[in-house]
Each structure stands twice: as C-alpha cells, then as structure tokens.
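The values are calculated or read from the model by the stated rules, or taken from the named source; none is laboratory data. All of these numbers come straight from a predicted model, not from anything done at the bench. Every residue, glycine as well, gets a Cβ built from its backbone with ideal geometry; the counts of neighbours run over all protein chains shown. With ligands, DNA and RNA removed, areas are computed over all heavy atoms of the protein, side chains included. Shrake-Rupley method; radii C 1.70, N 1.55, O 1.52, S 1.80 Å.
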Amino acid sequence: MNNVVRLSIVDPNDVTRHAIKSLLLGIDSVWLEAECSRYEFFGDVVNQTNPDLAVVVLDSNPQAGLGLVAELSQSHPHCAIICVSGSTEGSLILQAMRNGAKEFLSSPVQLDDFMAALDRIFSNGSGKSGRRSRRSQVISIVGVSGGVGCTSLAINLGCTFAQDPESSVVVIDLDLALGDADVWLDIIPDYTIQDVAENITRLDYSLLKRSLTQHDCGAFLLPRPVHVEPLPPMTPDQLQRVIALLKATFTHLVLDLSKAYTSLDLAAMYSADSVLLVTQLDLPSLRNVVRISQFLDEQGLGEKLKIVVNRIGLEDSQISLSKALDTIGREVFWQIPNDYSTMVESRNNGVPLILEAPRAKVTRAIEQLAARIDSSFASRSAGPDEAEKPKRKLFGFLSGR
C-alpha cells in the first residue's frame, strides 16, 4: 500500500488521542489530516477534510461514538471507519461493526495491528472511491540445499523489482549464520537484523528504516547479524511483526531464508504470498524437492509453493526436465538458465545483474519471473530501446558519424 492514506481522528481524551497521533506520525503512508476532541463536531471535520479513513475512539462516550459511526457510514460511505476502544466487550464490537465500522482495534493501539487493519481495508477495495492501492508482495526464497542459488535469486529479484519507479523493495537476509546478501550488493551495513531484534519492544518506522541500507539500484537490505549466535535474535512472532511493519512502506519484501527450515523460516513462509523453492536438476536436489514439498504441504504452505529450477543447461546435469517433472510430481513455476561466469562476475563486483549484465539471458529470465510473480510490476524485460542507439553505417564517416 504505497499511496498515502488521509486520516482524521476523534477522541475527547487528550492522552489517548496524543498517543495515537504519535503512532501515526511515524508512518510514511499515513497523513494525519485533522484531529477533533468532540464527537458532535467530528462530522463537520469530515465534511471539510474528506479523509480516506476516520478513527473513532469510543471510550469517552461509547453511545455517542457509536452514533457518530452510524452517521458517518451513511453520510460518507467512501470514508472507511476504524473504531478503537479499551473494552473488548463483544456487544460493543458487534454494534460498532453493525453501525458501519470496517475494523475494531483494542486500545492502546499497536502499530502492527493498525497497519494490518489498514491493509485489510484498502486491499478489499474499501475506502475512498477511485483510490489506487497496491498490495505489498512478500516473497520467501528457500533452497533444497546449499549452493543452489537462493541468495543470487533473492538479490537479483529484489533489484529487478526496484527498477520500477512505482516499487519500493527491501531484501531481508534470514540466513542468520551464513548469509552473504551484503556481499552480493557490496554493502558494509551500519545496522543488522540484530539491532532490530534488540529494539523490538520500541520498534517504530523511524528506527526500522535506520536499520536498512540502500543500494544504488534502489533496493534496501536488512542484513544478517555480524556474529554467529547459538540462538536466533528474535522469535517468530517478532519477525512477523517486523514483516508487517515493512509491508506498510514497501511494495515488495524478498526474504532470503536459511536451509535449516527453522521456526523463523516457517514464520517467514507463513507471512509470504509466494514461497519460491529453488532447485537444480540433479538427483540429491530433486529428492529434496519431494521431501520439502511434503513437509510444506503438512504445514499448510503447499498452495504458496512455487518450484524454480536454477542453472538450466548446466553441462554436468544428468537429469532432463521432463524426467525431473515425473520425479517431483509438481509443475515447475520458472526456469533460470545457467550463466556461471556472468553470475560470479556480478557477485564479485557487488553489482546486481540488472546493472552488471542487463542483456544477459539470466537477467531477462529473472525480469520475466518478477513480472509473473507480480502482474502489476512494470517489467523492463524488453531492455533499452535498440532504436534509440545510433547505428554505424558502412560509409558513416562521410557524414561525420
């Protein structure tokens, strides 16, 4: 959701109203249009400001607040309404929803709960008429074994998405022990996911953004910790909270997972829209595709699973694609050709393929994969317009060319 939501709030209680204002001021995708301390005046405020979203805090006078919700839902049907209350009484929640509220949040409002509510409202087409919304895409990338090309795909897929001016991309390195996403981008980060974990209880957008490092191509990186630790830096719930916060600002999150299939890896997959399982056409890899597919089916992740075959055309591969399909019993979602020298040069230079080798077949394949994952992505797979390049002519020297 990369468009700004214009929001107005009413709450007679100065303390809770200021607390919600402080929370909203840290969100780039939200603009606080107006605030009001009286229920009876808020209708006029909405008339004047015409916001996309109205937040009505009910605690000062639940009946007056509920009446206001009913009034706004009738007079401003394109303005989505969120009710907030410290009460979890079922009858209050039910009445708020019957009166026209789209969401009901408990007070004090948590940032991830608010952003999840916002995502549900505008992803479902609610809110202001004609408002353009673009749902954030979360792609988890995991391998059937080490060395199959997960990190190269994660980095280059993220950098490809970042070429679209309407996209904002963050790559998260969740291979906490051996991740090397920073090497692929030639980045020496000031902060890592460890810093995010240590400040998880007071995490907000400004703190989270300071933990990200931006590459020249436009993509941001949240790298793995500097030191290897025996325990993960955060819990699965905390990781899902970080993902929820990033979804509010970024159109694409690319998660490079470990090969251990830990609880953190599973949390990342549960948060994802797509899980790309990367394999090669060799017997150990294909055997693991079957095992891992069965495991992910058991975890309820089978519908998200997409098989990506990397390094198609590798000379020492003894298994054909048709035989591999018989072995794994699943369709192959995408194929990426083998181009070892180009990929190694890209990694060693710390320059993504889209900049290092934009015309290479492997680059085009990743561009096309990005377009297939996200149909709204403005694919640049056509490359630079050949017609714009000056053409050399046999007797061009006669015209000064």
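Below are the figures for this structure:
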item: Any chance Phe104 is touching a residue at least 40 places away in the same chain (Cβ under 8 Å) and aromatic (Phe, Trp, Tyr); result: no
item: Hits in segment 351-360 - residues which are surrounded by 15 or more Cβ atoms within 10 Å (Cβ to Cβ), more than 23 Å from the chain's Cα centre (by Cα) and not acidic (Asp, Glu); result: Ala357, Pro358, Ala360
item: All positions within segment 254-277 that are hydroxyl-bearing (Ser, Thr, Tyr) and part of a strand (DSSP E or B); result: Ser274
item: Lone qualifier among Asp282, Asp195, Asp265 - being touching a residue at least 24 places away in the same chain (Cβ under 8 Å), of a type in the set (Asp, Glu) and open to solvent by 10 Å² or more (accessible area, probe 1.4 Å); result: Asp282
item: Residues of segment 232-243 satisfying the condition of being touching a helix residue (DSSP H, G or I) at 6+ places or on another chain (Cβ under 7 Å), part of a helix (DSSP H, G or I) and either at pLDDT 95 or above or open to solvent by 30 Å² or more (accessible area, probe 1.4 Å) (or both); result: Pro236, Gln238, Gln240, Arg241
item: Options Gly67, Gly100: the member that is of a type outside the set (D, E, K, R), at pLDDT 95 or above and at positive phi; result: Gly100
item: Test: residue in segment 174-192 that is β-branched (Val, Ile, Thr) and under 14 Å from Leu246 (Cβ atoms); result: no
item: Hits in segment 244-253 (condition: outside any loop (DSSP other than H, G, I, E, B), touching a strand residue (DSSP E or B) at 6+ places or on another chain (Cβ under 8 Å) and open to solvent by less than 10 Å² (accessible area, probe 1.4 Å)); result: Leu246, His252, Leu253
item: Considering residues of segment 59-113 that are of a type outside the set (A, V, I, L, M) and open to solvent by less than 10 Å² (accessible area, probe 1.4 Å) only, the residue nearest to the chain's Cα centre (by Cα); result: Cys83
item: Residues of segment 285-301 classified as open to solvent by less than 40 Å² (accessible area, probe 1.4 Å) and out of contact with any strand residue (DSSP E or B) (no Cβ under 8 Å at 6 or more places or on another chain), total; result: 0
item: Within segment 9-27, considering residues that are without any contact (Cβ under 8 Å) to a residue 12 or more places away in the chain and of a type outside the set (Ser, Thr, Tyr), the one nearest to Leu72 (Cα to Cα); result: His18
item: Selection count, segment 21-38, where residues are open to solvent by less than 20 Å² (accessible area, probe 1.4 Å) and within 22 Å of Gly86 (Cα to Cα); result: 2
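Residue by residue, here is whether (1) in contact with a strand residue (DSSP E or B) (Cβ under 7 Å, 6 or more places away or on another chain); (2) open to solvent by less than 60 Å² (accessible area, probe 1.4 Å) holds:
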{"residue": "Lys323", "(1), (2)": "no, no"}
{"residue": "Trp334", "(1), (2)": "yes, yes"}
{"residue": "Met343", "(1), (2)": "no, yes"}
{"residue": "Asn349", "(1), (2)": "no, no"}
{"residue": "Asp374", "(1), (2)": "yes, yes"}
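Table: residues versus (1) assigned to a loop (DSSP other than H, G, I, E, B); (2) in contact with a Gly (Cβ under 7 Å, 6 or more places away or on another chain); (3) at pLDDT below 95.
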position: Val142; (1), (2), (3): no, no, no
position: Gly147; (1), (2), (3): yes, no, yes
position: Asp164; (1), (2), (3): yes, no, yes
position: Asp195; (1), (2), (3): no, no, yes
position: Ser206; (1), (2), (3): no, yes, yes
